[in-house]
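Some notes on the structure that comes next.
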Amino acid sequence: MASQDWFEKDFYAILGVAKDADDAAIKKAYRKLARKHHPDRNSGDAAAEQRFKDIGEANAVLSDPKQRQEYDAIRSMAGGGARFRAGGPGGGDGGFEDIFSAFGGGGGAGSRVRFQQGGPGGYGGAGEPDINDLLAQMFGGAGAGGRGGDPFGGTGFRGGRSTAGPRPGADVQARTTLPFRDAVEGSTVTLSTADGGRITAKIPAGVRDGQKIRLRGKGGEGDPGAARGDLILTVAVEKHPVFARAGDDLTVDLPVTFAEAALGATVQVPTLDGSRVRVKVAPGTPSGRVLRVKGRGVVGKNGTGDLLAKVVVVVPQRLSDEARQAVETLRATEGGADPRASLFEQAAT
């Protein structure tokens, strides 16, 4: 979008936020409005489609600190008393008037600075100041004929002509939610853009919850001949009913019976790919002990993680008469030993 369009567009009003709104407020407002006016929910509604585009454009500018600073500067000019009107009688030299007198470009109250398009091939006629030079002065650059900073990302102004090349496309922020398995194994997602288009993005294996992925060349379109911006994609990962993640390791709670924990056993453990592996539970294994299965975790940059199975001893809810008798016999053989004795000793220190 050309910066001159910012004079007429109030992005804060489009998103319904205050001019001093922080990033979180802007993001919240954008999400709410984007859901409401999304083309998928308003099929055939041209007004909703245009509103969706305006919302996306406003968010792209206000969520980018550099663009927001430039936008605020441009809007402050428009809201600070700048007047635009045609020229004198006959309209022969219509242009801007009284725009920059507050910046020292003119004299005292009532002074005038006039801008007009020059003759063929020129930016500013003979004796007339060029608007690019004035912009350069306002934003810390040089005067007419010099070189200064370009508030719109260019390389400066010189001799009344901008030396900046085509403006590249803006980076675009987006979010997507992935199932746990897709995040671990990698996936391809399709996203809707602000203008109703579609973007296909490949999510690498091992992406974490909250991770940001930069997809080159999938952002906003730039000026003709300029590169597109990037898509900054934030990934949210859904929870899995069985597995969790600790770095590149996967974790799982492994229920075992009291008999298996006390006497030892070889039991099966599920893996994320649907297969099963066998692990050995040593005699006398307590609840909470972690058994490690090598190479069954997340594929990461530094190799593949492991599967960590935490033993959880299951206490039976109901006992048969025979089982109850066996447990009572076990208790009698323990001789009244108190497993909490060391706990109280340590608590008293």
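The values are calculated or read from the model by the stated rules, or taken from the named source; none is laboratory data. These figures come from a predicted structure and were not determined experimentally. Note that we place each Cβ from the backbone using ideal geometry, even for glycine, and neighbour counts take in every protein chain shown.
Things to note:
- Restricting attention to segment 278-306, the residues being closer than 26 Å to ALA205 by Cα and either among the small types (Gly, Ala, Ser) or in contact with a Pro (Cβ under 7 Å, 6 or more places away or on another chain) (or both) number 5.
Residues are listed down the side, and each one gets a yes or a no for (1) over 19 Å from the mean Cα position of the chain (by Cα); (2) buried (at least 17 other Cβ atoms within 10 Å of the Cβ):
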| site | (1), (2) |
| --- | --- |
| ARG35 | no, no |
| PRO39 | yes, yes |
| VAL61 | no, yes |
| LYS66 | no, no |
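- When THR266 is tested against the conditions (1) surrounded by 12 or more Cβ atoms within 10 Å (Cβ to Cβ); (2) in a strand (DSSP E or B); (3) of a type in the set (Val, Ile, Thr), the lone failure is (1).
- Residue in segment 283-293 that is over 43 Å from the mean Cα position of the chain (by Cα), surrounded by 12 or more Cβ atoms within 10 Å (Cβ to Cβ) and either over 24 Å from ALA244 (Cα atoms) or outside the structural domain of ALA183 (by TED's automatic domain parsing) (or both) present: yes
- Pairs, first of a type in the set (D, E, K, R) in segment 187-212, second at pLDDT below 85 and surrounded by 16 or more Cβ atoms within 10 Å (Cβ to Cβ), C-beta under 8 Å, six or more apart: ARG198/LEU191; ARG198/SER192
- Going through (1) at positive phi; (2) surrounded by 12 or more Cβ atoms within 10 Å (Cβ to Cβ); (3) not basic (Lys, Arg) one by one, LEU254 falls short only on (1).
- Test: residue in segment 71-81 that is farther than 18 Å from LEU191 by Cα, among the polar types (S, T, N, Q), modelled with pLDDT under 90 and more than 23 Å from the chain's Cα centre (by Cα): yes
- Checklist (1) over 24 Å from ILE26 (Cα atoms); (2) buried (at least 16 other Cβ atoms within 10 Å of the Cβ); (3) at pLDDT 70 or above; (4) not charged (D, E, K, R) applied to THR188, failing item: (2)
- For segment 39-51, the count of residues that are touching a residue at least 24 places away in the same chain (Cβ under 8 Å) and either within 18 Å of ALA13 (Cβ to Cβ) or in a loop (DSSP other than H, G, I, E, B) (or both) is zero.
- Filtering segment 243-281 to residues that are over 26 Å from THR304 (Cα atoms) and either touching a residue at least 12 places away in the same chain (Cβ under 8 Å) or of a type in the set (S, T, N, Q) (or both) leaves VAL256, THR257, PHE258, GLU260, ALA261, ALA262, LEU263, GLY264, ALA265.
- Strands (runs of 3 or more DSSP E) wholly inside segment 197-263 that include at least 1 residues being farther than 19 Å from THR177 by Cβ and not polar (S, T, N, Q): 243-246, 249-257
- Cβ-Cβ under 6 Å pairs, at least 6 apart or on other chains, segment 153-182 side closer than 30 Å to GLY297 by Cα, far side at pLDDT 60 or above and surrounded by fewer than 18 Cβ atoms within 10 Å (Cβ to Cβ): ALA174/LEU191; ARG175/THR234; THR176/VAL189; THR177/ALA236; PRO179/GLU238; PHE180/GLU238; PHE180/HIS240
- Candidate set: segment 237-251, residues that are surrounded by fewer than 16 Cβ atoms within 10 Å (Cβ to Cβ) and out of contact with any Leu (no Cβ under 8 Å at 6 or more places or on another chain); chosen: the one nearest to ARG289 (Cα to Cα): VAL242
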